[in-house]
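Q: Please find one structure pasted underneath; my questions will follow.
The values are calculated or read from the model by the stated rules, or taken from the named source; none is laboratory data. Keep in mind that this is a model prediction, so the values were computed, not measured. Positions of Cβ are generated from backbone atoms using ideal geometry, with glycine treated the same way; all protein chains shown enter the neighbour counts. The accessibility values were calculated without ligands, DNA or RNA, using every heavy atom of the protein model including side chains. Shrake-Rupley method; radii C 1.70, N 1.55, O 1.52, S 1.80 Å.
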Protein chains: 2
Amino acid sequence: MDPHVLVLVHGATGGTGRLLVDRLLADGHQVRAFVRDPDKGAPLAKRGAEVVPGDLTDPDATALTDATRGVDAVAFCAGSGASTGKDMTLLVDLHGAVRTIDAAVEAGADRYVMLSSMAADDPLGSSEAMAPYLAAKHAADRVLAASGLRWMVVRPGALTDDPPTDQVRTGTPRIARAERGDRSISRADVAAVMAASLEADATGVTFEVLSGDRPVAEAVADLAAGSA
Amino acid sequence: MDPHVLVLVHGATGGTGRLLVDRLLADGHQVRAFVRDPDKGAPLAKRGAEVVPGDLTDPDATALTDATRGVDAVAFCAGSGASTGKDMTLLVDLHGAVRTIDAAVEAGADRYVMLSSMAADDPLGSSEAMAPYLAAKHAADRVLAASGLRWMVVRPGALTDDPPTDQVRTGTPRIARAERGDRSISRADVAAVMAASLEADATGVTFEVLSGDRPVAEAVADLAAGSA
């Protein structure tokens, strides 16, 4: 992906989304952030993002359609969060994602990077508490894979607020359970992985990612080299 | 579809599934029912179905894989029901459906008919109470459409226990809101529509269905004629 493309970020006010916005801006891209709460959007605007108000659960899709028009790429980092019920898992993590995929197709966006979750390939293999959420992520990832867009699905382990290390390990489509170690990765490293995925000339790649010992650029380049 | 094919029915102990089983048996098909509760399976076995024990939320997919082996067609009528929480909507209506689709692909089944719901094309256009459920149905239907199977998606309105009328009206992919009338249809008529859909030589057809004034066979034949 050439520098100075326009990336629409969903979930830009979240823990990982914020860091992705900063990263994309630092890399020379234009960033449009689709933001529900204007108060949370203000700091993004101050840092150089174009903030567009909108809500993924609004029955009226006009704001989403308008926000997606003209973008080169879409990054989905939105999530209903642990404090809301499964209604919101269905409406945001699942259907919100589906709507952004449809909007990206309709707008002719070139590519799409999804922030998914480790173990989303096998929701029932996880704890009872996690399985419903992972079922939503699994289905959203499947809808993306069938969209006709150029796409990558990023599945990180447990997210931490540790500083960036630029050191990760990846597995396509998964990291073997025995090799998962502490199963964590910092949001900053995930943001770097997502930015590199947006910049990679690749599609059809689903991968799990944890903190590790390979530079992000190198790890993502390897994934892209093995892609369609 | 030739007579005497083998149809795997999910949700065979439910209100519509039971009637579908009877209908398929009456039409001369073999029916295999994937049933969680053996007590509820016994009456199906007595009427001539092969009852196979299994649970769509079992992390071990062996029972599902085994049950799907050798079938010509799959019908999905399972649903978590109104009395369970959205966790089960995610695990049964969404992920359970996805698993049966994957199993059908793996087993080389020829075709798949999904019992979906009116308004699943636009979950957020419905009431707040219905939207999360419809989001699950919407995504399951999308995963089916991308599966490579030959498929039809049946989207009935509000289900009643009225006797069969063999009189329906359909809309592809939807019935205009102004024409929806009382928006209901009997489970018996839905079962007849699903059986006819299984028998039709068609794929790529999503349709809404309500009680109406056209014989089921005629209505479904028209849908099939317009299909891929």
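Q: State yes or no: is B:THR89 open to solvent by 40 Å² or more (accessible area, probe 1.4 Å) and β-branched (Val, Ile, Thr)?
A: When the stated conditions are applied, B:THR89 does not pass them.
Q: Residues to consider are B:ASP110, B:ASP141, B:ASP72, B:ASP102; find the one that is at pLDDT below 95, within 24 Å of B:ARG32 (Cα to Cα) and not hydrophobic (A, V, I, L, M, F, W, C).
A: B:ASP110
Q: Scan B:ALA82, B:ALA67, B:ALA63 and give me the residue that is over 16 Å from the mean Cα position of the chain (by Cα) and open to solvent by 40 Å² or more (accessible area, probe 1.4 Å).
A: B:ALA82
Q: Further question on the same structure: Given the residues B:SER117, B:SER126, which is the only one that is open to solvent by 10 Å² or more (accessible area, probe 1.4 Å) and modelled with pLDDT under 95?
A: Sole residue among the options that is open to solvent by 10 Å² or more (accessible area, probe 1.4 Å) and modelled with pLDDT under 95: B:SER126.
Q: Could you list, in sequence order, the residues of the range A:200-224 that are assigned to a loop (DSSP other than H, G, I, E, B) and within 16 Å of the chain's Cα centre (by Cα)?
A: Of everything in the range A:200-224, those that are assigned to a loop (DSSP other than H, G, I, E, B) and within 16 Å of the chain's Cα centre (by Cα) turn out to be A:ALA200, A:ALA202, A:THR203, A:GLY204.
Q: What is the one condition in (1) open to solvent by 60 Å² or more (accessible area, probe 1.4 Å); (2) more than 29 Å from A:ARG142 (Cβ to Cβ) that B:SER186 does not satisfy?
A: (1)
Q: Here are A:ALA135, A:ALA146, A:ALA196, A:ALA139: which of them is without any contact (Cβ under 8 Å) to a residue 40 or more places away in the chain, open to solvent by less than 50 Å² (accessible area, probe 1.4 Å) and under 29 Å from B:GLY96 (Cα atoms)?
A: Every option except A:ALA135 fails the conditions.
Q: Looking at (1) within 17 Å of the chain's Cα centre (by Cα); (2) open to solvent by 10 Å² or more (accessible area, probe 1.4 Å); (3) more than 12 Å from chain B (Cβ to nearest Cβ), find the lone condition where A:GLN167 falls short.
A: With (1) within 17 Å of the chain's Cα centre (by Cα); (2) open to solvent by 10 Å² or more (accessible area, probe 1.4 Å); (3) more than 12 Å from chain B (Cβ to nearest Cβ) applied to A:GLN167, the lone miss is (1).
Q: Now a separate question. List the residue pairs whose Cβ atoms are under 7 Å apart, where the first residue sits in the range A:200-221 and is free of Cβ contacts under 8 Å to residues at least 60 places away in the same chain, the second is hydrophobic (A, V, I, L, M, F, W, C) and open to solvent by 50 Å² or more (accessible area, probe 1.4 Å), and the two are 6 or more positions apart or on different chains.
A: A:GLY204/A:ALA228
Q: So, in the range A:1-38, how many residues would count as being among the charged types (D, E, K, R), in a strand (DSSP E or B) and surrounded by fewer than 17 Cβ atoms within 10 Å (Cβ to Cβ)? So that I can check it myself, show each step before the final result.
A: Taking the range A:1-38 first, the residues among the charged types (D, E, K, R) are A:2, A:18, A:22-23, A:27, A:32, A:36-37.
Now narrow it down to the ones that are in a strand (DSSP E or B): A:32.
Cutting the leftovers down to surrounded by fewer than 17 Cβ atoms within 10 Å (Cβ to Cβ) gives us none.
The qualifying residues number 0.
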